[in-house]
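Colleague: Handing you this structure, nothing more for now.
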Amino acid sequence: MQNITVIGSGTMGNGIAHTFAQFGYKVSLVDIKQEFLDKAIATITKNIDRQVAKGSITESDKQNTLKNISIFTKLEDGAKNADLVVEAATENVDIKLNIFRDLDRICKPEAILSSNTSSISITKIGSVTKRADKVIGMHFMNPVPVMKLVEVIRGKQTSDLVTKIVMDTSRALKKIPVEVNDAPGFVANRILMPMINEAIYTLHEGIAGVEEIDTVMKLGMSHPMGPLQLADFIGLDVCLSIIKVLHDGFGTPKYAACPLLSDMVAAGQLGVKSGKGFYAYTAGSKDLVVAERFRKHQTSPS
């Protein structure tokens, strides 16, 4: 397991690439545009500089990490020699299935194909390949270089050997892998997203404001971040996508997305990535003007 291909250079993709490269793996980072890749390398460099400043790694470690990453705009070039692929593209089932169809054709027969999906069925992803026994989920947490958990999801046909290899590889990254079976939302998001959705309903129904809801969960439940702030951090569009997967997968009303969440996504208020969600974000700081507005007008995202 020396050659790793990471598909998608966004927040999760560049974090996964950074982590593998830091531990000596040769990483091919693939995306559809050069500008996306350039931005990813700039982000990785900035994050490594923070590690150097904190003394957790040396300048030599930084240079070696960056040397371990190559960038590609063509999937064929970036994936043909991969021992392990980690797909971290947009959380859209059609996009992922098309990527895995291409990977099955491009990659060598023994290559393991994994997805960083946070909710989409690994069994379904594996079904579009001729190597369903070698398809598995590797759900990293954000920010990847910092968070210890890797949720390792077995599809219905994922082999014991492939599961062991991925568990061992995760440990080689100094992560703590947890093996789970394939089901909508797996474990992490099956529990987390209904909580976030219920927090949004609590706001939507005028029970309390943004700050009040987050404060109750932080101080009362010892959560490091309130559910509404966490939703902003994850991305409200991502939250909505996962909740829809849960609703479609289980078919029960308890997984129905709160109308306020749907309205905010439609209005482009996606959280940190757009600069405005339940909070407004300016240069990385939190502005409570938006929180106050939502407390008074809970049903309006504008």
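Colleague: Here is a check on your reading of the model: is V238 under 18 Å from R190 (Cβ atoms) and either within 22 Å of the chain's Cα centre (by Cα) or not in a loop (DSSP other than H, G, I, E, B) (or both)?
Modeller: yes
Colleague: A follow-up question, please. Just to be sure before I move on: is I243 of a type in the set (V, I, T), under 24 Å from M147 (Cα atoms) and modelled with pLDDT under 95 in the structure I sent?
Modeller: Criteria not met by I243.
Colleague: Is it fair to say V210 is in contact (Cβ under 8 Å) with a residue 40 or more places away in the chain and out of contact with any strand residue (DSSP E or B) (no Cβ under 9 Å at 6 or more places or on another chain)?
Modeller: It is true that V210 is in contact (Cβ under 8 Å) with a residue 40 or more places away in the chain and out of contact with any strand residue (DSSP E or B) (no Cβ under 9 Å at 6 or more places or on another chain).
Colleague: If you don't mind, another one. List the pairs whose first member sits in the stretch 185-205 and is free of Cβ contacts under 8 Å to residues at least 24 places away in the same chain and not assigned by TED's automatic domain parsing to the domain that holds V152, whose second member is surrounded by 23 or more Cβ atoms within 10 Å (Cβ to Cβ) and of a type outside the set (S, T, Y), and whose Cβ atoms are under 6 Å apart, counting only residues at least 6 apart or on separate chains?
Modeller: Final answer for the pair search is T202/I213.
Colleague: Could you check the stretch 1-35 and list, in sequence order, the residues that are within 26 Å of I95 (Cβ to Cβ), over 17 Å from the mean Cα position of the chain (by Cα) and not aliphatic (A, V, I, L, M)?
Modeller: N3, Y25, K26, S28, K33, Q34, E35
Colleague: From (1) out of contact with any strand residue (DSSP E or B) (no Cβ under 6 Å at 6 or more places or on another chain); (2) assigned to a helix (DSSP H, G or I); (3) farther than 16 Å from V238 by Cα, pick out the condition that doesn't hold for G126.
Modeller: G126 satisfies all of (1) out of contact with any strand residue (DSSP E or B) (no Cβ under 6 Å at 6 or more places or on another chain); (2) assigned to a helix (DSSP H, G or I); (3) farther than 16 Å from V238 by Cα except (1).
Colleague: Next up: If you go through the stretch 129-177, how many residues are assigned to a helix (DSSP H, G or I) and not hydroxyl-bearing (S, T, Y)?
Modeller: Summing the residues that are assigned to a helix (DSSP H, G or I) and not hydroxyl-bearing (S, T, Y) in the stretch 129-177 gives 13.
Colleague: While we're on this one: For the stretch 122-138, which residues satisfy the criterion of being out of contact with any helix residue (DSSP H, G or I) (no Cβ under 8 Å at 6 or more places or on another chain) and surrounded by fewer than 24 Cβ atoms within 10 Å (Cβ to Cβ)?
Modeller: Hit for the stretch 122-138 is S127, nothing else.
Colleague: Also, I was wondering about something else. Here are the criteria: (1) under 21 Å from the mean Cα position of the chain (by Cα); (2) buried (at least 19 other Cβ atoms within 10 Å of the Cβ). Tell me which single one N181 does not satisfy.
Modeller: For N181, the exception is condition (2).
Colleague: Right, here's the next one. Would you mind stating whether A79 is among the aliphatic types (A, V, I, L, M) and under 27 Å from P109 (Cα atoms)?
Modeller: In short, yes.
Colleague: Among the residues of the stretch 223-235, write down those that are under 15 Å from the mean Cα position of the chain (by Cα) and aliphatic (A, V, I, L, M).
Modeller: Answer for the stretch 223-235, where residues must be under 15 Å from the mean Cα position of the chain (by Cα) and aliphatic (A, V, I, L, M): L230, A231, I234.
Colleague: Quick one: H247 ticks every box in (1) crowded, with 23+ Cβ neighbours inside 10 Å; (2) within 13 Å of M193 (Cβ to Cβ) bar one, so which box is it?
Modeller: Among (1) crowded, with 23+ Cβ neighbours inside 10 Å; (2) within 13 Å of M193 (Cβ to Cβ), the lone unmet condition for H247 is (1).
Colleague: Does D263 satisfy the criteria of being of a type in the set (D, E, K, R) and at pLDDT 95 or above?
Modeller: yes
Colleague: Examine the stretch 215-232 for a residue that is modelled with pLDDT under 95, exposed (fewer than 14 other Cβ atoms within 10 Å of the Cβ) and either assigned to a helix (DSSP H, G or I) or of a type in the set (S, T, Y) (or both), and state whether such a residue exists.
Modeller: no
The values are calculated or read from the model by the stated rules, or taken from the named source; none is laboratory data. Remember, it's a predicted structure, so these values are computed and weren't measured experimentally. Reconstructed Cβ throughout: ideal geometry from the backbone, glycine too, with neighbour counts over all protein chains shown.
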